[in-house]
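Data first, discussion second: the structure below is written as structure tokens.
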Amino acid sequence: MVEKIEFYETSSNNKLTEYIYDSENRLKQRVTTGKMIENSAVRDLRYEDHFEYEDGLVSKISLKDLTHYYSSYDIHLFYDSEKKLIRQENWMNGYMIGHFNFHYENNRMVSVYNDSTTPFETNTIFYDAKGNVTKHLYIFPKICLEDQSPENMKNKNISTSTTKV
């Protein structure tokens, strides 16, 4: 089990992350402290992530950003009857601020999507023969602030950009 991870670049840019487990060796808390440079000033940083479990699976992660108080939110995780993660919802101050659905084939997660897209439309995960992820393809539309009426778009080349991770 991981107990600590330390990153040190300079005395003004460093962090230490500590992992705290319960008696069943489940991760209960991740605490990150250190220093960071923000807006040309050195600031203390502190993040505290708390993990909750249901039926042996992580059901909620509370991300507490004590450096930027407006950045704290909760992640709720939902599983199917086979204990595969099927949905993640992000909540802040009682409002859902985002979500992801997870699509599986042959017991492997192969796509991440949301309620306004379909599996493989914007996100695909590829595996090798050993079951290791070899590529994560994420496609996003280019932003076009012009008039997109059919008349104006006839001779425009609007495509998608691809980011590979």
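Every residue in region 10-33 that is basic (Lys, Arg) and either touching a Pro at 6+ places or on another chain (Cβ under 9 Å) or within 13 Å of residue 58 (Cα to Cα) (or both), please.
Correct list: 26, 28.
Does at least one position in region 30-43 carry a residue that is at pLDDT below 95, β-branched (Val, Ile, Thr) and out of contact with any strand residue (DSSP E or B) (no Cβ under 6 Å at 6 or more places or on another chain)?
So far as region 30-43 goes, no, none of its residues is at pLDDT below 95, β-branched (Val, Ile, Thr) and out of contact with any strand residue (DSSP E or B) (no Cβ under 6 Å at 6 or more places or on another chain).
Going residue by residue through region 99-107, is there one that turns out to be buried (at least 16 other Cβ atoms within 10 Å of the Cβ), in contact with a Ser or Thr (Cβ under 8 Å, 6 or more places away or on another chain) and of a type outside the set (Ser, Thr, Tyr)?
Yes: region 99-107 contains one or more residues that are buried (at least 16 other Cβ atoms within 10 Å of the Cβ), in contact with a Ser or Thr (Cβ under 8 Å, 6 or more places away or on another chain) and of a type outside the set (Ser, Thr, Tyr).
Only residues that are within 17 Å of residue 78 (Cα to Cα) and assigned to a loop (DSSP other than H, G, I, E, B): list them for region 98-131, please.
Listed by number, the residues that qualify are 107, 114, 115.
Please work out if residue 64 is of a type in the set (D, E, K, R) and either over 19 Å from residue 98 (Cβ atoms) or in contact with a Lys or Arg (Cβ under 8 Å, 6 or more places away or on another chain) (or both).
No, not satisfied.
The values are calculated or read from the model by the stated rules, or taken from the named source; none is laboratory data. The structure presented is a predicted model; accordingly, all values stated were derived computationally and were not measured. Note: ideal-geometry Cβ built from the backbone for every residue, glycine included; neighbour counts use all protein chains shown.
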